[in-house]
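K.L.:
The following block contains the structure, expressed as structure tokens.
Values quoted throughout were computed directly from the atomic coordinates according to the rules given, and no laboratory measurement underlies them. Keep in mind it's a predicted model, so treat the numbers as computed, not measured. All Cβ positions, even for glycine, are placed from backbone atoms using ideal geometry, and neighbour counts span all protein chains on display.
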Amino acid sequence: MCSGGATMAVGSALLSSVAVPFPASAQVMPPIHDRAEWQARPPKVAATVLDRAPDNIVVHHTASPNSADQSLEHAFELSRSIQSFHMDDRGWDDIGQQLTISRGGHLLEGRNRTLEAIGTRRHVMGAHTLGHNDHTIGVENEGTYMTEEPTDELWTQLVATCAWLCDVYQLDPHTAIVGHRDYNQTACPGDTLYALLPELRDQVVGRPGRRRAASAPVEPSGLPGPRHTFDHGPALGSGELTRQPHRPGPAHRRDRGA
């Protein structure tokens, strides 16, 4: 695992703290900062790891300011702030999402046991998409993307992260990568970032080397936007963390990106 400010960039190497190998077929794992590095608080209860893979990667925005600070320390502070909000204000067991990407392109482990679960092609239950946490892995992207686009650094990391997850879990990017609004009544991940999801899927399939093209103006969705910092929409229902039935992906999505 990462320690002392170092990052990890391995695919088939062992995760020393959890002692499990990544699948040999996996793409090179993006450099990722674990919970120890950003000084995560211990969870109230250890997360549940289900003996199956997720079938969707849910793209979120954090509904926080579009900071110009792209430093690693800012990314660490972001994760600490989100965790405090989720645990203290929401009363959850831990930070909700499995992974977080800062505007500087730094990738951070979120919910406890996330790297352990990915390393064994299993799924750790999160708290990010109401009614669907038992089969979706959540990637929070720092910022609010109702009208603005993510930074190039964040976008590049999002492509790499989704490509890695799709390879580990053997998912088709064109059906697996969705937005929070595909499941719940919310504008998350923002009108602009949501409009970029077809390109995200295409770039994941065509990695590496492609860059985000300039996008056309986005028509406002009219969906409910953030009411306050870190409010990206319905994330967790009563008793949901103990509910484990598998649900299929959304039958009707606004945009398949095929």
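K.L.:
Decide, for the range 32-242, between rounded, prolate and oblate: order the square roots of the alpha carbon gyration tensor eigenvalues as a ≥ b ≥ c, take rounded if a/c falls under 1.5, and otherwise choose prolate if a/b is larger than b/c, else oblate.
P.N.:
Because its axes are fairly even, with a/c under 1.5, the range 32-242 counts as rounded.
K.L.:
If you count, for each residue, the other Cβ atoms within 10 Å and average over each peptide, how do 33-39, 108-114, 227-233 line up from highest to lowest?
P.N.:
Going by the mean number of other Cβ atoms within 10 Å, highest first, we get 108-114, 33-39, 227-233.
K.L.:
Here's something else I'd like to know. How much net charge surrounds Leu50 when only the other residues with a Cβ under 9 Å from the Cβ of Leu50 are counted, with Lys and Arg +1 and Asp and Glu -1?
P.N.:
0
K.L.:
Of the beta bridges DSSP finds with both residues in the range 32-242, what % are antiparallel, to the nearest 5?
P.N.:
25
K.L.:
With N set to the residue count of the range 98-175, report its C-alpha Rg divided by 2.2 N^0.38 Å to two decimal places.
P.N.:
Working: Rg = 12.7 Å, N = 78, 2.2 N^0.38 = 11.5 Å.
Relative to the 2.2 N^0.38 Å estimate, the range 98-175 comes out at 1.11.
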